[in-house]
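Q: The structure follows.
Nothing in this text is a laboratory measurement; each read-out follows from the coordinates by a stated rule. Just so it is clear, the structure is predicted and the values come from calculations on it, not from any experiment. With ideal geometry, Cβ positions are generated from the backbone for all residues, glycine too; neighbour counts draw on all protein chains shown.
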Amino acid sequence: MELEQAYSEVGLEQVRREDPDWVTRAARAHVHYRVAGMDGVAVRRNIEPLGFDLYGPAGTPAPCVILIHGGPVPGNLLTTPKEWGWFQSYGRLLAASGLAAVMFNHRFFAPDMLPEAIADVQGLFRYVREHSEELNVDRDRVCLWVFSGGGPIISPFLRETPDGLRCVVAYYAALDAAVAEFSPAVQVSENAGRLPALLIARAGLDNPQLNEAMDLFVQNALKKNACVDVLNHANGQHGFDCRDDDARTRDILRRTIEFIHTYT
């Protein structure tokens, strides 16, 4: 109950009430930015034992972007997040941009399952680094890219940055929570060592509580003198990258890819 209450306070419940068909839309959506070569990207699906998909890379080992979907998501979905058009198009975009992309399903099915989801992502992070040679990725150049309700999942990575993690990207993400352990805003404040480079993208038309949480996170990160980029889509909705097909969306996505290349 404590986690459920903490999670409701960031404003995501209202976001979902306003967009009750968000799962169906995500399954059919695609990211509103394209680069040459996306259709020809090589994809390895359901890599065991974790069941993740790997997009690219071609040639020499590439920096690796781990995509972390939002939540909580229903546990009985027929089309799980890594099969959503939204994330499949992201995988192709990143691979065609010279990066490797990893997409998988974590177990964030309810607020009280946040610890399991965190453990899933930590396990995937370790696996990618330990098996970097066979995956053809650079184990020392990893980026975490988290979306929406998945924000709390990155909390432990901000409290103590693991080797190999070079940058974190958060799109319209829940970056604060009443339970300190699961609050990125709190955990970034308690980091006593190295922080990864951070990029925060927010939507101006998003729930005010969610944006206030992101703003608090940015303030706390700056107090730690972290490298922080903030990209605001003033007229963007929650999920602007697959909802708002406009110049500002494309600009934010282009700059995000440049950011990852710069800091990995």
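Q: If I take R0 = 25 Å and measure r between the Cβ atoms of Arg139 and Leu77 in this structure, what FRET efficiency does the formula 1/(1 + (r/R0)^6) give, to the nearest 0.05?
A: E(calc), rounded to 0.05, equals 0.20.
Q: Which order results if Asp251, Asp229 are arranged by neighbouring Cβ count within 10 Å, fewest first?
A: Asp251, Asp229
Q: Using only Cα atoms, locate the centre of the stretch 150-198 and the centre of the stretch 66-103, then give the distance between them in Å, rounded to an integer.
A: Measuring centre to centre over Cα atoms gives 20 Å.
Q: Could you line up His106, His30 from fewest to most neighbouring Cβ atoms inside 10 Å?
A: Neighbour counts put them in this order, fewest first: His30, His106.
Q: Contact order normalised by length for the chain, with contacts defined as Cα pairs under 8 Å and 6 or more residues apart; what percent is it?
A: 20 percent
Q: Which of Ser132, Ser97 has the fewest other C-beta atoms within 10 Å, and how do the rest follow up to the most?
A: Fewest-to-most Cβ neighbours within 10 Å comes out as Ser132, Ser97.
Q: Rounded if a/c is under 1.5, else prolate if a/b is larger than b/c, else oblate: which is the stretch 114-206, with a ≥ b ≥ c the root eigenvalues of its Cα gyration tensor?
A: Cα axes put the stretch 114-206 in the prolate bin.
Q: A further question follows. Could you list which residues have their amide H under 5 Å from that of Ala62, counting only those 5 or more apart in sequence or on another chain, with H placed in the peptide plane?
A: Result for Ala62 returns Val137, Asp138.
Q: Over the stretch 39-157, what is the mean sequence separation of C-alpha contacts under 8 Å (at least six apart), divided by residue count, expressed as relative contact order in percent?
A: Relative contact order, the stretch 39-157: 35 percent.
Q: Would you tally the net charge around Gly51, using a Cβ to Cβ cut-off of less than 14 Å, leaving Gly51 out, and scoring K and R as +1, D and E as -1?
A: Around Gly51, the charge tally is 0.
Q: With a ≥ b ≥ c taken as the square roots of the eigenvalues of the C-alpha gyration tensor of the stretch 120-264, please select rounded if a/c is under 1.5 and otherwise prolate if a/b is larger than b/c or oblate if it is not?
A: oblate
Q: To check you understand DSSP bridge types, tell me what percent of the beta bridges within the stretch 2-263 (both residues inside) are antiparallel, rounded to 5.
A: Of those bridges, close to 20 percent are antiparallel.
Q: Sticking with this structure for a sec: Local charge sum around Lys224 (other residues, Cβ-Cβ under 11 Å, Lys/Arg +1, Asp/Glu -1)?
A: Surrounding charge for Lys224 is +1.
Q: Let me ask you something else. Helix-only estimate, please: 222 nm mean residue ellipticity of the chain, summing -39500 (n - 2.57) across DSSP H runs of length 4 or more and dividing by its residues, to the nearest 500.
A: About -11000 deg cm²/dmol.
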